[in-house]
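Asker: One structure, pasted below without further comment.
Each reported figure results from applying straightforward, stated rules to the coordinates on display, with no laboratory input. Everything quoted here is computed from the prediction, not taken from an experiment. Here Cβ is always computed from backbone atoms with ideal geometry, including for glycine, and neighbour counts include all displayed protein chains.
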Amino acid sequence: MNSFIFRFRRILRTRKCVAAWIVCALLTGCWDSRDINNLSIIQGVAIDTNQQGELKLTYQHLIAQKSKRNMYSNITTFNKDSIESASREQAQLVSRTPLYNFIRVVLISDQAIKKTRIDQLLDTFNRSYTLSRKSLVMVVEGNAKEALNKIGTHKETPSIALEELANNSALNSKIPREISLGEICIHSSQGTDFIIQRLETSESNRISGAALVSGETKKFADWLDEKDVTGINWMLGKTKGSIIATEEPDTKQLLVFEVENVQSKIIPHLHKQDLSFTVRIKAGIKLSENSVISADLLKEPFIRTAKEAAQAEIKQTVLQSLNTLQKEKKADVAGFGTRVKVKYPAYWDLVKQNWQVTFNQIPIDVQAEVQIERTGAYTKGEGA
């Protein structure tokens with residue numbers, strides 16, 4: 001419920017900002033007022049490359065008009081040199097002045113981010129358009145422009161639908177946490193690995209796993225699947241509102257829990273020159289779905305078995321994600337290095353230049369503890 005309230009307030013604030021700007025623009029007393037009928041509000045940007053290696057930009061323009069028909073249009077431009085130059089080419093194609101301050105999403109194709117560093121692709125948005133630093137970023141497998149051509153399931157303008165889709169990370173642990181232009185700028189300047197939501201556009205726009213971006217090269221490194229993303233979210237403590245689906249060991253029947261609260265800590269331990277970590281996860285959960293018909297949900301044996309099953313599922317998910325990140329990708333996206341830097345700065349100075357190799361070899365212990373706060377069961381006589 002809290003996530004829905006937060007999203008509603010965020011949408012309301014954005015709409016108030018747009019409304020306030022429009023009112024100001026319509027007032028003849030504003031020294032820099034511009035007629036809203038002569039403006040086009042940019043809602044989304046797609047960054048692709050063509051076969052010649054040129055940058056290919058598509059801007060989604062929201063048109064101010066009375067009718068809802070043709071409320072937006074997509075304008076594509078090309079340029080070999082820079083994002084800013086490609087942006088300026090719009091003046092040769094559109095009559096209305098583009099307004100960039102309310103960009104909702106920036107979509108980058110995987111081909112573009114493989115060829116060009118992400119900080120270079122996004123530099124002009126962070127530098128030139130003040131409010132755009134809060135805009136969300138997604139990586140598209142294939143053609144990023146295609147995502148701006150697909151109306152949302154609830155008939156929203158594509159850019160608006162994509163922004164809302166990105167914010168659903170609060171409801172599903174398979175979805176990476178949304179990331180803004182400003183946050184990517186910080187990761188790039190610090191040289192840390194990070195992940196961005198991956199968007200598929202085959203039939204409709206759908207978030208599926210994440211794109212891994214290397215802190216060293218600032219380019220696309222690989223894809224991460226939904227299971228790996230779930231493990232990362234557990235390590236970051238970003239799974240509130242999501243579910244844990246597991247089996248009751250004896251009957252092999254389904255148990256589904258909703259996560260009501262979660263706390264996660266990454267704790268470094270240094271003994272002489274030997275570094276290790278403990279990932280400690282504590283969660284309060286409630287039973288949301290139960291297929292074990294014979295179970296007595298109030299008795300200790302069921303509660304103990306259910307807790308053990310949930311804890312094992314969390315631990316297995318995190319360990320699988322760690323295996324992918326540590327052994328296969330050699331990527332630290334959960335901030336293990338940051339914990340070492342804070343707690344053991346002298347040791348960090350020794351390993352920071354070669355942290356990827358060091359991180360690959362460090363033992364990590366995962367501890368999961370859950371408390372079942374509600375099972376939905378009741379005793380005879382309750383509710384009478």
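Asker: Between Ile362 and Leu270, what length comes free when the chain is fully extended (0.36 nm per residue of separation minus the Cα-Cα distance, one decimal in nm)?
Answerer: Extending this stretch completely gives an extra 32.0 nm.
Asker: Express the Stokes-Einstein translational diffusion coefficient of the range 126-254 in µm² s⁻¹, to the nearest whole number, given a Kirkwood radius over alpha-carbon pairs, 20 °C and a viscosity of 1.002 mPa s.
Answerer: 134
Asker: Sticking with this structure for a sec: Normalised radius of gyration for the range 193-299, please: alpha carbon Rg relative to 2.2 N^0.38 Å, two decimal places.
Answerer: 1.42
Asker: By its C-alpha gyration tensor, with a ≥ b ≥ c as the square roots of the eigenvalues, how is the range 66-199 shaped: rounded for a/c under 1.5, else prolate for a/b larger than b/c, else oblate?
Answerer: oblate
Asker: Which pairs break 28 Å Cα to Cα here: Lys115/Lys330; Lys80/Lys329; Lys265/Lys286; Lys272/Lys330; Lys56/Lys219?
Answerer: Those over the limit are Lys80/Lys329.
Asker: Right, another one. Could you order peptides 183-194, 348-359 by the average number of other Cβ atoms within 10 Å of their residues, highest first?
Answerer: 183-194, 348-359
Asker: Just to check, using Stokes-Einstein with a Kirkwood Rh over alpha carbon pairs, what's the diffusion coefficient of the range 290-359 at 20 °C and 1.002 mPa s in µm²/s? If you can, show how the numbers build up before the last one.
Answerer: Values: Rh = 15.2 Å.
D, rounded to a whole number, is 141 µm²/s.
Asker: Could you work out the pair-distance distribution P(r) of the range 221-377 from its alpha-carbon pairs, with 5 angstrom bin width and percents rounded to whole numbers?
Answerer: Computed distribution, short to long bins: 2, 9, 18, 19, 15, 13, 10, 7, 5, 3, 1, 0.
Asker: Turning to a different aspect of this structure: Please tell me the relative contact order of the range 89-236 in percent, rounded to the nearest whole number, where contacts are Cα pairs under 8 Å and at least six residues apart.
Answerer: 23
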